[in-house]
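Only the coordinates and a few stated rules stand behind these numbers; no lab work does. Just so you know, these numbers come straight off a predicted model, no measurement behind them. A quick note on method: Cβ atoms are made from the backbone with ideal geometry, for glycine too, and the neighbour counts reach across all protein chains shown.
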Amino acid sequence: MKILVAVDGSAYTKRMLAYLAAHDEWLGPQHSYTLIHAVQPVPPSAAAVVDKDTLQGYYDDTAAKVFKPIRAFLGKQKVDASFVAKVGPAAEMVVQAAKRGSYDMIMLGSHGHGTFTNLVMGSVATKVLSQCETPVLLIR
């Protein structure tokens, strides 16, 4: 199964990885994993006064900080994965990647906010569920 795993480095990402480690059926060679992290873009007014290399360095460093412990974790589990960093709104980047990559499933950790909070603030999980045709496994 080709699986896209959305990660942000939060406790919810760690919980999702712990779920994977606790279930042997997810760790076999029958699965291929791509981990995606969406870095929030720097506001245009700030980006205008920073050179492009510095800005790209910021985006790369931010993604590397999220990916570093995940790479170590997956290495201990002997799981090969590819890592993709995108710049933009998280839900939009996950949905675009899922459509372009023809994934069989998306996995993501969820904060588990209530319905009212989702109405007011929205959530990445809610947006992915509403905008994507790929099956989603939410782990709380």
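For this structure, a couple of remarks:
- Net charge contributed by nearby residues that have their C-beta within less than 11 Å of Y103 (K/R +1, D/E -1): +1
- Local electrostatic count at Y58 - Lys and Arg +1, Asp and Glu -1, tallied over other residues with Cβ under 12 Å: -2
- Diagonalising the gyration tensor over the Cα atoms of the chain and scaling each eigenvalue by 5 before taking the square root yields semi-axes of 25, 20, 14 Å, largest first.
- Listed by chain and number, the aspartates and glutamates whose alpha-carbon sits under 18 Å from that of K68, ignoring those within fewer than 8 places in the same chain, are D8, D60, D80.
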